[in-house]
Amino acid sequence: MWVADTEFPAPKPILAALQKTVDHGVFGYELPTPALKETVAARMDKLYKWKVKPESVVATTGIVSGFNIAARIACSPKKGVLMQTPVYNEFHEIKNNAGVAQLNAPLIKRVVGNIISYEIDWDIFEKQVKKVGMFLLCNPHNPLGIVFSRKDLLKMAELCIKNNVLIVSDEIHSEVLLADNSFTPLAKLSAEIAKHTITLVSPSKTFNIAGLFCGFAIIPNEELRKRFELEVSHLTMYVSSMGLIASQAAFSGKCDGWLKEMNRYLTGNRDFMVDYITKYMPNVRTTIPVATYLGWLDFTQTAVKDDPFNFFLNNAKVAFSDGKIFGKEGEGHVRINFGTSRALLKQGLDKIRNTLDSQ
Ligand SMILES: Cc1ncc(COP(=O)(O)O)c(C=O)c1O
């Protein structure tokens, strides 16, 4: 229940597109076609009425590559990258990968009963944003499952622009929406924000094709895009043909019925998980994610608060992601991946409940 991909086979139109290529049998070099860039732009229009020019789309070997490249452009050892912790572990690697400083603006945790939620600490954000070259937003947020409100997005963007800070918006989970939640890309909010933003999107989480390593940076600002593309070419980071082919099929619209069904199933899993924890493990606190298939469990009120990750790995044979890899705020927490069958989710939860009870 750890690494963030699901256990659902990719939808048939993607498998068929890949199969057709396999049958063709020629796997020569490929570049992203104009048709693919048009497909990405058309998807933004279809989902959000966000008008993106196809030439603003740059293919990358994934979202992690995308934000590391952005950090190389916008940051320096002194002007670092700002992030809202606890946050996706790869964000924490940028400082080493790109040799830049990391600054955090930890989110504030609120507790009601056994339900936890997080919100922005504006004082800290405002203080930290003055010292960085880039703000890396995770929206929807991994591991907290938050979709930031329009009001919050506008305020974050305004502070970044005021301080001449590049905004990089990692929106990899934007189509994994639970219940009736909706999503708006940050860059759609205004032309001014779009000019200062690199938006990173990908079909990889949504359609379970992460291992094909293909993502897209949407960069309306031409000067910024040229710098980004130059860095991509310096690093010779070209996307494999299978990744390009799968992405074209994924974003074509042919998989949207499958996606609707997956999101409905995941919503059921989320509700099952939150109910189970509230009923049988009331000392364990949980988020109620509105997006992603990731839950965030807080064991700080239990006997295993010091190291729940190793405790459950060793005693329950259940592997979560250790909360500490998302930042020091994650101590005593784990991330749970519920992108699996209800039966397996129940089995995992039963195991942690029984192991906790035996403490
Ligand atoms: C927020 C976020 N960004 C990026 C990634 C990985 O992206 P990629 O595999 O395209 O590099 C993940 C994977 O878990 C993620 O959760």
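Values in this text are rule-based calculations from the coordinates and carry no lab data. The structure presented is a predicted model; accordingly, all values stated were derived computationally and were not measured. Heads up, the Cβs are rebuilt from the backbone with ideal geometry, glycines too, and the neighbour counts pull from every protein chain shown.
Evaluated on segment 79-122, the Kirkwood hydrodynamic radius is 11.7 Å, with distances taken between all distinct Cα atoms. Put the Cα centre of segment 120-148 next to the Cα centre of segment 208-238 and the gap is 22 Å.
Here the dipole of the chain is about 400 debye; that uses its Cα centre as origin and unit charges on the Cβ of Lys and Arg (positive) and Asp and Glu (negative). Computed from Cα atoms alone, the Kirkwood hydrodynamic radius reported for segment 119-175 is 11.7 Å. Please give me the summed charge of the neighbours of Pro220: other residues whose Cβ is under 10 Å from its Cβ, Lys and Arg +1, Asp and Glu -1. Taking every other residue near Pro220 into account, the sum is +2. Take every pair of alpha-carbon atoms less than 8 Å apart whose residues are at least six positions apart; their mean separation over the length of the chain yields a relative contact order of 23 percent.
Per residue, the chain reaches -12500 deg cm²/dmol at 222 nm when only DSSP H runs of four or more residues are counted, each adding -39500 (n - 2.57). Contact order for segment 256-357, expressed relative to its length and based on alpha carbon pairs under 8 Å spaced 6+ residues apart, stands at 26 percent. Within segment 1-42, the chymotrypsin sites (Phe, Trp or Tyr not before Pro) that combine a DSSP coil assignment with at most 11 other C-beta atoms in a 10 angstrom radius are Phe27, Tyr29.
Within the shell of other residues whose beta carbon sits under 10 angstrom from the beta carbon of Asn139, the net charge comes to -3, with Lys and Arg scored +1 and Asp and Glu -1.
Considered as an equivalent ellipsoid built on the Cα gyration tensor, segment 270-359 has semi-axes of 17, 16, 12 Å, the largest given first. Cross-link check: pairs Lys12/Lys205; Lys317/Lys346; Lys95/Lys324; Lys127/Lys195; Lys46/Lys260 evaluated at a Cα-Cα cut-off of 19 Å; pairs beyond the cut-off: Lys127/Lys195.
Measuring between their Cα centroids, segment 47-104 and segment 281-323 lie 28 Å from each other.
List the trypsin sites (Lys or Arg not before Pro) in segment 192-284 that DSSP assigns to loop (not H, G, I, E or B) and whose Cβ has at most 15 other Cβ atoms within 10 Å. Which are they? Here the sparse-neighbourhood loop sites are Lys254. Here the chain was treated as a single set of alpha-carbon atoms; its pair distances binned every 20 Å from 0 give 30, 58, 12, 0 percent.
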